[in-house]
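Undergrad: Here you go, one structure.
What follows is calculated from the coordinates using simple rules that are stated; it is not laboratory data. As the structure is a computational prediction, the values presented were derived from the model and not from experiment. Neighbour counts run over all protein chains shown; Cβ positions are idealised from the backbone, glycine included.
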Amino acid sequence: MGGEILAPVITIDGPTASGKGTIAQRVAQALGWHALDSGALYRLTALCVLRVGGDGADEAQAAGLARALDVRFESGVIRMGSEDVTEIIREETVGNLASRVAAWPAVRVALLARQRDFRRAPGLVADGRDMGTVVFPDAPLKIFLDAEVEVRAHRRHKQLMGKGFSAKLTDLLTDLRARDARDRERVHAPLVAAHDAVTVDSSHIGVDETVAKVLDLWSARGLA
């Protein structure tokens, strides 16, 4: 069977609220590729845990729910079964639990094959926390998108307020620091830049400039 040519992948990893989801979607649109929001899979798992009355402390329960996810991504809409959960999974309660659930090795293993199945021609832009280190280690371009935690808190606050969710900036800052610590310090697939990743700091540049940087890096590899 050898000789199979895999579709190219650009991975965009980074901490919560660094803007990686927006950048990944925009880069995918520019290239005409597919996009994978891997964080949505962990948020969906967390939502399932909440709905069965769990708190994320039961690894086997969370992994079982991850394996059984009935999810579809349809033109920006995320459906679990027949329910549109696009907005629900962005709530802070779900996000905080997702960070805890994602620390379980069994959950990450349960979702690994599902994430790799998104790799289809003509290409994939995948964002998350371990896309370049674990899920697609052979990706020809790996980006580590970072931003100062205060900047990320302000962005998340603006995003939530714009969607009608109440949020305190001080609470968001505390939550982001806690999530950063959990993501970076977990034993299994911690948040870290791949050894061959290019770090892009988006603290003081806008979405358009960040997207342009990623596309320029892709073009510079002679693969565009």
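Undergrad: Given 0.36 nm per residue, what is the gain on full extension from A106 to S203 after removing their alpha carbon distance, in nm? Spell out each step's value before the answer.
TA: Numbers: separation 97, 0.36 × 97 = 34.92 nm, distance 3.37 nm.
Value of the extension gain: 31.6 nm.
Undergrad: Averaging over all projection directions, find the projected area of the Cα convex hull of the chain and quote it in nm² with one decimal place. Intermediate values should be presented prior to the final figure.
TA: On the way: hull surface 50.9 nm².
Averaged projected hull area, Cα only: 12.7 nm².
Undergrad: Taking the Cα centre of the chain as origin and charging only Cβ (+1 Lys, Arg; -1 Asp, Glu), how large is the dipole, in debye to the nearest 20?
TA: Details: 29 positive and 30 negative charges, 30 e Å.
Dipole about the Cα centre, nearest 20: 140 debye.
Undergrad: Report the FRET efficiency, 1/(1 + (r/R0)^6), for L160 and I5, where r is their Cβ-Cβ distance and R0 is 41 Å, rounded to 0.05.
TA: Details: r = 42 Å, r/R0 = 1.03.
Using R0 = 41 Å, I get an efficiency of 0.45.
Undergrad: Then there is this: Using 0.36 nm per residue of separation minus the Cα-Cα distance, give me the extension gain between R221 and D117 in nm, one decimal. Don't jump to the answer; show the numbers that get you there.
TA: On the way: separation 104, 0.36 × 104 = 37.44 nm, distance 2.47 nm.
Gain on extension, R221 to D117, equals 35.0 nm.
Undergrad: Sticking with this structure for a sec: For a protection proxy built on the mean count of beta-carbon atoms within 10 angstrom, sort 35-41, 98-104, 216-222 highest first, please. Intermediate results must be reported in sequence, preceding the final value.
TA: On the way: 35-41: 22.4, 98-104: 24.9, 216-222: 12.1.
Per-residue mean Cβ counts within 10 Å order the peptides as 98-104, 35-41, 216-222.
Undergrad: For R79 and Q29, compute 0.36 nm times the residue count separating them, minus their Cα-Cα distance, and round to one decimal in nm.
TA: In short, 15.9 nm is gained.
Undergrad: If we count every other residue with Cβ under 12 angstrom of T170's Cβ, Lys/Arg +1 and Asp/Glu -1, where does the sum land? Spell out each step's value before the answer.
TA: Working: positive: K168, R177; negative: E150, D171, D175.
Overall, the nearby charge balance is -1.
Undergrad: Okay, moving on. By the gyration tensor of its Cα atoms, with a ≥ b ≥ c the square roots of the eigenvalues, what is the shape of segment 127-166: rounded for a/c under 1.5, prolate for a/b over b/c, or oblate?
TA: On the way: a/c = 4.09, a/b = 2.51, b/c = 1.63.
Prolate shape, in that a/c is at least 1.5 and a/b is the bigger ratio.
Undergrad: State whether segment 45-124 is rounded, prolate or oblate according to the following rule on the C-alpha gyration tensor (a ≥ b ≥ c being the square roots of its eigenvalues): a/c under 1.5 gives rounded; otherwise a/b larger than b/c gives prolate, and the remaining case gives oblate. Write out the running numbers ahead of the final one.
TA: Working: a/c = 1.95, a/b = 1.29, b/c = 1.51.
Oblate shape, in that a/c is at least 1.5 and b/c is the bigger or equal ratio.
Undergrad: So what is the relative contact order of the chain, in percent, for Cα pairs below 8 Å that sit 6 or more residues apart?
TA: Numbers: 342 pairs, mean separation 73.0, N = 224.
Normalised by residue count, the contact order of the chain is 33 percent.
Undergrad: Projected onto the charge dipole of segment 9-218 (+1 at Lys/Arg Cβ, -1 at Asp/Glu Cβ, origin at the Cα centre), which of A193, I205, Q115 gives the Cα projection farthest towards the positive end?
TA: Q115
Undergrad: Of all beta bridges DSSP finds with both residues in segment 9-218, what is the antiparallel percent, to the nearest 5? Could the numbers behind the result be given before it?
TA: Numbers: 6 of 23 bridges.
The antiparallel proportion sits near 25 percent.
Undergrad: How many angstrom separate the Cα center of segment 62-79 from the Cα center of segment 149-220?
TA: That distance is 23 Å.
Undergrad: Here is a further query. So which of K168/K213; K158/K213; K20/K158; K142/K163 end up more than 22 Å apart by C-alpha? Spell out each step's value before the answer.
TA: Values: K168/K213 32 Å; K158/K213 24 Å; K20/K158 16 Å; K142/K163 31 Å.
Distance filter (> 22 Å) returns K168/K213; K158/K213; K142/K163.
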